[in-house]
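**Q** My structure is below; once you've seen it, I'll send some questions.
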Amino acid sequence: MRNHEKKPVIRTVGLTRHYTRNKQTIEAGRGLDLEIAPGELVAFLGPNGAGKSTTLRMLTTLIAPTAGTAEVAGYDVTRDRAAVRRSIGYVGQGNAAGHQYRGRDELFSQARAHGLSRRDARSRTDELLDAFDLTEHADRPVSRLSGGQRRRLDVAIGLVQEPAILFLDEPSTGLDPQNRVNLQEQVRRLNAKLGTTIVLTTHYLEEADALAGRVIVIDHGRTIADDTAAALKSSLGDLVSLEFGSAAHAMAGAAGADRIPGAHVTVTDTVVSVRAPFGRDAAPGLVADLAAAGTPVTRLEVVGPTLDDVFLNLTGRSLRESNETASAVDAADIAGDQNEGAAA
Amino acid sequence: MTIEITQVRDAAPAASVRRTAVAASPVGIVADIGNVFARELMPVLRNPASVLFAMVQPLVFLALFAPLLPETPTGSALQWFVPGIVSMTALMSASFTGANLSEEIVSGSFERLLVSPVRRSALLIGKSLREMVPLVLQTLVIVLAVAPFAFDVHVVGIVGGIVVLVPFSVGLGALSLALAVAAKDQAWVFWTVQQTAIFPLLLLAGVLLPLDGAPGWLQTAADLNPLRYIVDAERALFAGDYPMDTIAAGLAGSVIVGVLGLWIGVRAMNRAS
Ligand SMILES: Nc1ncnc2c1ncn2[C@@H]1O[C@H](COP(=O)(O)OP(=O)(O)OP(=O)(O)O)[C@@H](O)[C@H]1O
Ligand SMILES: [Mg+2]
């Protein structure tokens with residue numbers, strides 16, 4: 001074994017990747033420095049086009065970095081690709097299972113590719129089909145499965161060999177809530193029971209929170225935050241909405257809410273919105289106090305912070321604005337093309 | 001009213017953690033190729049009729065051309081025409097191989113194979129070797145289709161004909177895969193190049209019409225086409241003749257395509273991302 005405890009199992013230094021498209025350079029990765037220890041469960045959180053997949057594709061040897069270096073399991077991702085591939089599992093953003101094939105056959109062939117005997121490959125296949133509720137869909141062509149069934153199959157294929165390091169690119173896309181929970185359960189178990197290092201990408205702070213000990217927020221190819229989900233959230237607080245019977249009650253409610261430490265209170269007509277750290281813990285007491293004071297709350301809603309909130313806090317831009325700047329470039333491209341077309 | 005009290009349970013089966021205690025072991029290159037080949041055969045095994053799709057065109061040619069063929073003094077025109085159609089089927093089928101790969105590139109399953117420990121060379125060779133299966137099945141279908149007509153079945157010659165075509169099919173399959181890898185997720189690039197390439201190859205091999213009366217420049221172009229020598233060898237073999245020089249030339253043309261195709265294919269696969 002080349003890596004000992006504590007030594008990072010993933011380490012990147014200035015990891016950079018450029019794409020050239022229409023003579024324009026897109027900086028999908030801009031000098032990422034990362035260290036991930038064995039057994040960590042890390043989520044890459046970021047908006048569309050942030051560079052999450054690009055980073056994963058560099059770490060899994062699929063694309064070469066433009067600059068910088070990365071080591072995975074102690075092996076360099078450009079010089080020692082075969083060794084890296086033997087150490088990792090990867091579930092990409094696309095489908096792992098070929099559309100012309102059957103799910104069972106694809107699991108079996110993946111197990112064989114990793115050196116399992118026929119017997120073991122067969123029993124491992126059955127095990128995974130069972131774990132992801134796919135047994136009854138296993139003998140149909142993948143092209144005829146639903147999106148969520150296909151996604152579950154992708155994840156199952158990625159888990160066949162119980163890799164020491166597992167990369168999951170948006171594993172929960174297209175899954176219904178029940179299957180989402182099951183997936184999270186599988187991932188947590190793998191991490192807890194086998195100490196698998198897991199890096200996954202997501203757009204949902206909730207999911208990052210449910211799964212990962214550590215959240216790395218990526219924007220425009222750069223790390224803009226690296227912390228626990230709890231810390232990212234507590235610095236933002238929950239959004240508590242209180243509705244009252246009248247505007248007067250609402251004003252009284254706002255005054256009460258303002259006593260919560262760190263609260264930021266806004267009143268709109270009969271609705272009081274309170275943004276406060278640990279807002280969900282303070283809400284029950286506040287509701288009781290207001291009822292006792294004769295200004296009862298008629299409706300209550302508590303929402304935890306979302307990716308958008310974290311993002312706004314970190315960058316001062318909302319995700320929508322961020323996407324607009326990204327697509328503004330595309331729009332300019334298109335406009336340019338049209339002008340050329342008109343001139344011709 | 002009833003109140004249901006639930007507990008947080010360990011509900012999910014613990015299958016991400018393996019119950020069968022087995023360790024993955026290193027895989028040799030031959031086993032790698034075998035695994036890729038076995039996977040490639042799956043769609044054929046599950047749906048054998050799929051092999052016939054690439055045959056639609058050759059069978060149509062056979063049905064529409066054969067009645068037009070003149071009787072020749074040297075024997076049945078069908079005897080001359082069928083080996084050409086067998087070669088054409090091999091050409092069509094092998095050149096389509098990359099289309100499956102194109103589909104896998106777009107859907108994402110190719111990415112999974114690229115990240116797996118399977119050697120890149122094994123990926124290419126295993127996929128190319130698959131071409132042997134349609135080659136054999138398609139040749140048998142054509143022979144069975146024409147056997148009731150003015151066509152003599154020479155079993156040894158037919159087996160020899162298949163053997164001569166194997167390196168060509170595998171090499172062309174490898175080239176088609178290389179093309180798909182180069183085209184990446186732009187499947188139309190694959191189709192444009194594939195369609196542009198096969199017809200000159202076909203016509204310059206004298207598959208449909210003899211090249212005997214061709215002008216000089218056409219002769220020269222045909223002389224450079226390996227498929228031409230293969231077709232000549234196929235005609236001799238299917239007729240039950242065994243002129244060594246013709247067969248050797250055909251086999252040489254086929255092996256050249258095979259070696260060159262695999263070499264280019266492996267290089268392309270090594271650089272695939
Ligand atoms: N092959 C490519 N050619 C050109 N540009 C690319 C290519 N792949 C990605 N990009 C660009 O690089 C940037 C980062 O893309 P990437 O796929 O890494 O984003 P992401 O964070 O995974 O986004 P998403 O959440 O949408 O999956 C984007 O602007 C994207 O358009
Ligand atoms: Mg992505």
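**Q** Here is a check on your reading of the model: is B:Gly160 on the phi > 0 side of the Ramachandran plot and more than 14 Å from chain A (Cβ to nearest Cβ)?
**A** No.
**Q** Just for helices (runs of 4 or more DSSP H) wholly inside the stretch A:226-311: which have at least 3 residues that are farther than 30 Å from A:Gly46 by Cα? So that I can check it myself, show each step before the final result.
**A** On the way: elements: A:229-234, A:247-257, A:279-292.
Because the criterion is at least 3 residues that are farther than 30 Å from A:Gly46 by Cα, the helices (runs of 4 or more DSSP H) in the stretch A:226-311 that meet it are A:247-257, A:279-292.
**Q** Kindly establish whether A:Asp105 is acidic (Asp, Glu) and either under 30 Å from B:Asp32 (Cβ atoms) or within 16 Å of ligand 1 (Cβ to nearest atom) (or both).
**A** Considered against the rule, which asks whether it is acidic (Asp, Glu) and either under 30 Å from B:Asp32 (Cβ atoms) or within 16 Å of ligand 1 (Cβ to nearest atom) (or both), A:Asp105 comes out as yes.
**Q** Looking at the stretch A:49-76 only, could you name the residues that are within 13 Å of ligand 1 (Cβ to nearest atom) and of a type in the set (Ser, Thr, Tyr)?
**A** A:Ser53, A:Thr54, A:Thr55, A:Thr60, A:Thr66
**Q** Does B:Ile230 satisfy being assigned to a helix (DSSP H, G or I), farther than 16 Å from B:Leu101 by Cα and open to solvent by 10 Å² or more (accessible area, probe 1.4 Å)?
**A** no
**Q** For the stretch A:174-187, does any single residue satisfy the condition of being within 16 Å of ligand 1 (Cβ to nearest atom), farther than 30 Å from A:Gly279 by Cβ and not in a helix (DSSP H, G or I)?
**A** Within the stretch A:174-187 (the criterion being within 16 Å of ligand 1 (Cβ to nearest atom), farther than 30 Å from A:Gly279 by Cβ and not in a helix (DSSP H, G or I)), the answer is yes, since at least one residue qualifies.
**Q** Hey, can you tell me all the residues within the stretch B:206-263 that are in contact with a Leu (Cβ under 6 Å, 6 or more places away or on another chain) and under 25 Å from B:Leu68 (Cα atoms)?
**A** Listed by number, the residues that qualify are B:Ala222, B:Leu227.
**Q** Determine whether the stretch A:122-133 contains at least one residue that is closer than 25 Å to B:Ala99 by Cα and facing chain B (nearest Cβ under 8 Å).
**A** Initial filter on the stretch A:122-133 (closer than 25 Å to B:Ala99 by Cα): none.
The answer is no, given that none of the residues of the stretch A:122-133 is closer than 25 Å to B:Ala99 by Cα and facing chain B (nearest Cβ under 8 Å).
**Q** Considering only residues that are among the charged types (D, E, K, R) and within 19 Å of A:Glu185 (Cα to Cα), which ones fall in the stretch A:200-232?
**A** A:Glu206, A:Glu207, A:Asp209, A:Arg214, listed by residue number.
**Q** On the basis of being modelled with pLDDT under 90 and in contact with a strand residue (DSSP E or B) (Cβ under 8 Å, 6 or more places away or on another chain), does A:Gln186 make the cut?
**A** no
**Q** Based on this model, can you work out whether A:Leu166 counts as within 16 Å of ligand 2 (Cβ to nearest atom), modelled with pLDDT of 90 or more, within 14 Å of chain B (Cβ to nearest Cβ) and crowded, with 21+ Cβ neighbours inside 10 Å?
**A** Numbers: within 16 Å of ligand 2 (Cβ to nearest atom): no; modelled with pLDDT of 90 or more: yes; within 14 Å of chain B (Cβ to nearest Cβ): yes; crowded, with 21+ Cβ neighbours inside 10 Å: yes.
The answer is no for A:Leu166.
**Q** Looking at the structure I just gave you, is A:Glu106 in the same structural domain as A:Ser146 (by TED's automatic domain parsing), touching a residue at least 40 places away in the same chain (Cβ under 8 Å), at negative phi and open to solvent by less than 10 Å² (accessible area, probe 1.4 Å)?
**A** Yes; evaluated as a whole, the condition is true for this residue.
**Q** While we're on this one: Could you list all residues from the stretch A:148-171 that are out of contact with any strand residue (DSSP E or B) (no Cβ under 7 Å at 6 or more places or on another chain) and either of a type in the set (Phe, Trp, Tyr) or within 16 Å of ligand 1 (Cβ to nearest atom) (or both)?
**A** Hit for the stretch A:148-171 is A:Arg151, nothing else.
**Q** Now for a different question. Count, please, the residues in the stretch A:188-225 that happen to be assigned to a strand (DSSP E or B) and in contact with a Gly (Cβ under 8 Å, 6 or more places away or on another chain).
**A** So the count comes out to 6.
**Q** Which residues, counting only those in the stretch B:23-47, are open to solvent by 70 Å² or more (accessible area, probe 1.4 Å), outside any loop (DSSP other than H, G, I, E, B) and free of Cβ contacts under 8 Å to residues at least 24 places away in the same chain? Talk me through it step by step, then tell me what you get.
**A** Pass one, the stretch B:23-47, residues open to solvent by 70 Å² or more (accessible area, probe 1.4 Å): B:23, B:26, B:29-30, B:45-47.
Checking which are outside any loop (DSSP other than H, G, I, E, B) leaves us with B:29-30, B:45-46.
Scanning the stretch B:23-47 gives B:Val30, B:Leu45, B:Arg46.
**Q** Given the structure, is A:Thr12 under 24 Å from B:Glu104 (Cα atoms), more than 14 Å from chain B (Cβ to nearest Cβ) and in contact (Cβ under 8 Å) with a residue 40 or more places away in the chain?
**A** Working: under 24 Å from B:Glu104 (Cα atoms): no; more than 14 Å from chain B (Cβ to nearest Cβ): yes; in contact (Cβ under 8 Å) with a residue 40 or more places away in the chain: yes.
No.
**Q** Only one of (1) open to solvent by 10 Å² or more (accessible area, probe 1.4 Å); (2) within 12 Å of ligand 1 (Cβ to nearest atom); (3) more than 14 Å from every other protein chain (Cβ to nearest Cβ) fails for A:Leu45. Which number is that?
**A** All conditions are met except number (1).
**Q** Check off (1) more than 9 Å from chain B (Cβ to nearest Cβ); (2) open to solvent by 10 Å² or more (accessible area, probe 1.4 Å) for A:Ala138 and give me the number that stays unchecked.
**A** Among (1) more than 9 Å from chain B (Cβ to nearest Cβ); (2) open to solvent by 10 Å² or more (accessible area, probe 1.4 Å), the lone unmet condition for A:Ala138 is (2).
**Q** Please pick out the residue among A:Val155, A:Val199 that is open to solvent by less than 10 Å² (accessible area, probe 1.4 Å) and within 11 Å of chain B (Cβ to nearest Cβ).
**A** Details: A:Val199 fails: within 11 Å of chain B (Cβ to nearest Cβ).
Among A:Val155, A:Val199, only A:Val155 is open to solvent by less than 10 Å² (accessible area, probe 1.4 Å) and within 11 Å of chain B (Cβ to nearest Cβ).
**Q** Considering every residue within the stretch A:73-95, establish whether at least one is within 16 Å of ligand 2 (Cβ to nearest atom), assigned by TED's automatic domain parsing to the domain that holds A:Arg317, of a type in the set (Ser, Thr, Tyr) and surrounded by 23 or more Cβ atoms within 10 Å (Cβ to Cβ).
**A** Yes, the conditions are met somewhere in the stretch A:73-95.
**Q** Provide a single number: the residues in the stretch B:82-122 that are in contact with a Phe, Trp or Tyr (Cβ under 8 Å, 6 or more places away or on another chain), surrounded by 21 or more Cβ atoms within 10 Å (Cβ to Cβ), under 16 Å from B:Asp185 (Cα atoms) and of a type in the set (A, V, I, L, M).
**A** Summing the residues that are in contact with a Phe, Trp or Tyr (Cβ under 8 Å, 6 or more places away or on another chain), surrounded by 21 or more Cβ atoms within 10 Å (Cβ to Cβ), under 16 Å from B:Asp185 (Cα atoms) and of a type in the set (A, V, I, L, M) in the stretch B:82-122 gives 1.
**Q** Which is within 16 Å of ligand 2 (Cβ to nearest atom) and polar (S, T, N, Q), of A:Thr69, A:Thr61, A:Thr55? If you could, list the steps in order and put the result at the bottom.
**A** Values: A:Thr69 fails: within 16 Å of ligand 2 (Cβ to nearest atom); A:Thr61 fails: within 16 Å of ligand 2 (Cβ to nearest atom).
Only one candidate qualifies: A:Thr55.
**Q** Now a separate question. Of the residues A:Ala83, A:Ala37, which single one is away from ligand 1 (no atom under 11 Å from the Cβ), over 26 Å from A:Asp226 (Cβ atoms) and of a type outside the set (S, T, N, Q)?
**A** Of A:Ala83, A:Ala37, the one residue that is away from ligand 1 (no atom under 11 Å from the Cβ), over 26 Å from A:Asp226 (Cβ atoms) and of a type outside the set (S, T, N, Q) is A:Ala83.
**Q** Part of a helix (DSSP H, G or I) and surrounded by fewer than 18 Cβ atoms within 10 Å (Cβ to Cβ): does that describe B:Ala214? Lay out the reasoning, then the answer.
**A** Details: part of a helix (DSSP H, G or I): no; surrounded by fewer than 18 Cβ atoms within 10 Å (Cβ to Cβ): yes.
Taking the combined requirement at face value, the residue does not satisfy it.
**Q** How about the stretch A:171-196: which of its residues are open to solvent by 20 Å² or more (accessible area, probe 1.4 Å) and touching a Lys or Arg at 6+ places or on another chain (Cβ under 9 Å)?
**A** Correct list: A:Thr173, A:Gly174, A:Asn179, A:Asn182, A:Leu194.
**Q** Please go through the stretch A:76-97 and pick out each residue that is more than 8 Å from every other protein chain (Cβ to nearest Cβ) and either among the basic types (Lys, Arg) or free of Cβ contacts under 8 Å to residues at least 24 places away in the same chain (or both).
**A** Hits for the stretch A:76-97 are A:Asp76, A:Val77, A:Thr78, A:Arg79, A:Asp80, A:Arg81, A:Ala83.
**Q** While we're on this one: Of the residues that sit in the stretch A:25-44 and are more than 20 Å from A:Thr196 (Cα to Cα) and in contact (Cβ under 8 Å) with a residue 60 or more places away in the chain, which one is nearest to ligand 2 (Cβ to nearest atom)? Explain how you work it out, then say what you get.
**A** The initial filter retains those residues of the stretch A:25-44 that are more than 20 Å from A:Thr196 (Cα to Cα), namely A:25-33.
Within this subset, residues satisfying the condition of being in contact (Cβ under 8 Å) with a residue 60 or more places away in the chain are A:27-33.
On the way: A:Glu27: 16, A:Ala28: 10, A:Gly29: 12, A:Arg30: 16, A:Gly31: 19, A:Leu32: 15, A:Asp33: 21 Å.
Filtering first and then ranking leaves A:Ala28.
**Q** Follow-up. Check A:Ala113 against each of (1) away from ligand 1 (no atom under 16 Å from the Cβ); (2) facing chain B (nearest Cβ under 8 Å); (3) surrounded by fewer than 17 Cβ atoms within 10 Å (Cβ to Cβ) and name the one condition it does not meet.
**A** Here A:Ala113 meets the rest and fails (3).
The values are calculated or read from the model by the stated rules, or taken from the named source; none is laboratory data. Since the structure is predicted, the reported quantities are computational estimates derived from the model, not experimental observations. As a convention, Cβ positions derive from the backbone with ideal geometry for all residues, glycine included, and neighbour counts pool all protein chains shown. The protein model used for the area step is the full one, side chains on, heavy atoms only, and it has no ligands, DNA or RNA in it. Shrake-Rupley method; radii C 1.70, N 1.55, O 1.52, S 1.80 Å.
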